[in-house]
């Protein structure tokens with residue numbers, strides 16, 4: 001891939017944001033298709049962990065990601081299996097530009113809650129931001145398979161495929177699904193189509 005294309009896909013990945021666990025549910029009328037595990041329903045964090053978690057949420061609302069990271073970190077220290085705190089910690093770390101740390105948080109949360117599409121998406125997106133597209137691809141594909149209505153999942157899959165020079169019908173379909181929401185997806189699709197036309201012309 002040439003330097004111009006690499007810059008395009010870097011911008012495309014940055015345009016897509018990490019999310020809190022509830023965001024993927026709220027983005028669709030098909031919320032019932034998201035699996036909520038029995039573990040998540042019955043898990044009760046320590047009261048002090050819940051207090052730190054709520055303080056972290058308040059810091060997020062105030063636009064103070066550094067404070068939010070501190071509160072969510074403390075919540076996880078108190079209750080290490082607190083998936084929601086791990087998820088929010090990863091989001092806050094991503095907002096701080098702490099990409100490697102956010103990946104660790106998302107992976108740990110995903111280990112505890114393996115059926116979460118929001119976590120799959122965040123792991124995939126964070127891997128893409130680290131230019132680990134081959135690793136991001138299966139996460140994105142799982143999200144698209146389990147939540148086909150989720151545009152950002154299609155966007156991530158399309159970018160992951162094309163960034164690996166996999167100019168497939170699947171990549172085009174995913175980018176086309178995302179083009180209405182993301183200008184960068186439309187630009188990536190146009191770049192891909194131009195490459196295909198150029199290849200045809202050479203043959």
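The values are calculated or read from the model by the stated rules, or taken from the named source; none is laboratory data. All values reported here derive from a predicted model rather than from experimental measurement. Here the Cβ is made from the backbone with ideal geometry for all residues, glycine too, and neighbour counts use every protein chain on show.
The figures follow:
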item: Long-range neighbours under 8 Å by Cβ, at least six apart or interchain, first residue closer than 15 Å to residue 153 by Cα and in the same structural domain as residue 137 (by TED's automatic domain parsing) within the stretch 174-203, second modelled with pLDDT under 90 and assigned to a loop (DSSP other than H, G, I, E, B); result: 182/16
item: Filtered residue count, the stretch 90-107, keeping only those that are under 20 Å from residue 51 (Cβ atoms) and modelled with pLDDT of 95 or more; result: 1
item: Verdict on residue 118 being modelled with pLDDT under 90 and touching a helix residue (DSSP H, G or I) at 6+ places or on another chain (Cβ under 8 Å); result: yes
item: Among (1) farther than 20 Å from residue 152 by Cβ; (2) touching a residue at least 24 places away in the same chain (Cβ under 8 Å); (3) under 16 Å from the mean Cα position of the chain (by Cα), the one test that residue 87 misses; result: (1)
item: From 201, 173, residue being assigned to a helix (DSSP H, G or I), at pLDDT below 90 and out of contact with any helix residue (DSSP H, G or I) (no Cβ under 6 Å at 6 or more places or on another chain); result: 201
item: Residue within the stretch 100-109 that is more than 27 Å from residue 77 (Cβ to Cβ) and within 12 Å of the chain's Cα centre (by Cα) present; result: no
item: Test: residue in the stretch 66-75 that is modelled with pLDDT under 95, part of a helix (DSSP H, G or I), out of contact with any helix residue (DSSP H, G or I) (no Cβ under 6 Å at 6 or more places or on another chain) and crowded, with 17+ Cβ neighbours inside 10 Å; result: no
